[in-house]
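Engineer: The structure's right below; bear with me while I get my questions together.
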Amino acid sequence: MPTSPQDTLLHIAERTHWESARATGVSYTMSTLGRTLDEEGFIHCSSDMAQVDGVLARFYGAVPREDLVLLLIDVPRLDVPVRYEPVGGDFFPHVYGPIPVSAVIEVRSLPGNR
């Protein structure tokens, strides 16, 4: 588990869901591929690019990279808890509530298919 809370988190988002939230100013509520915050109970995130790469390989292999973006989230701008929870042999950050559009400080392209 991280020795101290991180200031930023990474989240793989389907481009259409992120663009819809950004365009309307409504908080982002997708948890993971095809699943909402309401369905999962939290939003899946990653601590670093190594975790992002693993998640991409395991769960997003069939999704064209141009349909995805990587959100860089400023944790201090969140009004909800972030918990680091064990998944396999690692700890992943989970955001327990919606992510305000204003908490997303950068949107990046993802690495190409490998």
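Any read-out appearing in this document is the output of simple, stated calculations on the displayed coordinates, not a laboratory observation. Small disclaimer: the values here were computed from a predicted structure and weren't measured. All Cβ positions, even for glycine, are placed from backbone atoms using ideal geometry, and neighbour counts span all protein chains on display.
Engineer: Taking H11 as meeting all but one of (1) in contact with an Asp or Glu (Cβ under 6 Å, 6 or more places away or on another chain); (2) within 22 Å of P76 (Cα to Cα), write down the number of the exception.
Structural biologist: (1)
Engineer: In this structure, is D79 out of contact with any His (no Cβ under 9 Å at 6 or more places or on another chain), surrounded by fewer than 19 Cβ atoms within 10 Å (Cβ to Cβ) and over 14 Å from L9 (Cβ atoms)? Talk me through it step by step, then tell me what you get.
Structural biologist: Values: out of contact with any His (no Cβ under 9 Å at 6 or more places or on another chain): yes; surrounded by fewer than 19 Cβ atoms within 10 Å (Cβ to Cβ): yes; over 14 Å from L9 (Cβ atoms): yes.
In short, yes.
Engineer: Do we have E14 as surrounded by 15 or more Cβ atoms within 10 Å (Cβ to Cβ) and of a type in the set (D, E, K, R) here? Walk me through it before giving the result.
Structural biologist: Numbers: surrounded by 15 or more Cβ atoms within 10 Å (Cβ to Cβ): yes; of a type in the set (D, E, K, R): yes.
Spelling it out, E14 is indeed surrounded by 15 or more Cβ atoms within 10 Å (Cβ to Cβ) and of a type in the set (D, E, K, R).
Engineer: Continuing with the same structure: Quick one: which of V104, V75, V95, V82 is touching a Pro at 6+ places or on another chain (Cβ under 6 Å) and under 17 Å from D7 (Cβ atoms)? Don't jump to the end; show me each part of the working.
Structural biologist: Working: V104 fails: touching a Pro at 6+ places or on another chain (Cβ under 6 Å); V75 fails: touching a Pro at 6+ places or on another chain (Cβ under 6 Å); V95 fails: touching a Pro at 6+ places or on another chain (Cβ under 6 Å).
Selected residue: V82, the only one of V104, V75, V95, V82 that is touching a Pro at 6+ places or on another chain (Cβ under 6 Å) and under 17 Å from D7 (Cβ atoms).
Engineer: Follow-up. Looking at the range 28-76, which of the residues that are hydroxyl-bearing (S, T, Y) and crowded, with 18+ Cβ neighbours inside 10 Å is farthest from V101 (Cα to Cα)? I'd like the intermediate steps shown before the answer.
Structural biologist: Quick first cut of the range 28-76, residues hydroxyl-bearing (S, T, Y) only: 28-29, 31-32, 36, 46-47, 60.
Add one more test, that the residue is crowded, with 18+ Cβ neighbours inside 10 Å, and what stays is 28, 31-32, 46-47, 60.
Details: Y28: 7, S31: 15, T32: 17, S46: 18, S47: 19, Y60: 23 Å.
The extreme case among them is Y60.
Engineer: On to the next question. Just checking, does the range 77-84 include any residue being under 16 Å from G25 (Cβ atoms) and either out of contact with any strand residue (DSSP E or B) (no Cβ under 9 Å at 6 or more places or on another chain) or among the β-branched types (V, I, T) (or both)?
Structural biologist: yes
Engineer: OK, next. From (1) part of a loop (DSSP other than H, G, I, E, B); (2) out of contact with any Lys or Arg (no Cβ under 7 Å at 6 or more places or on another chain), pick out the condition that doesn't hold for L110.
Structural biologist: That leaves (2) as the condition not met.
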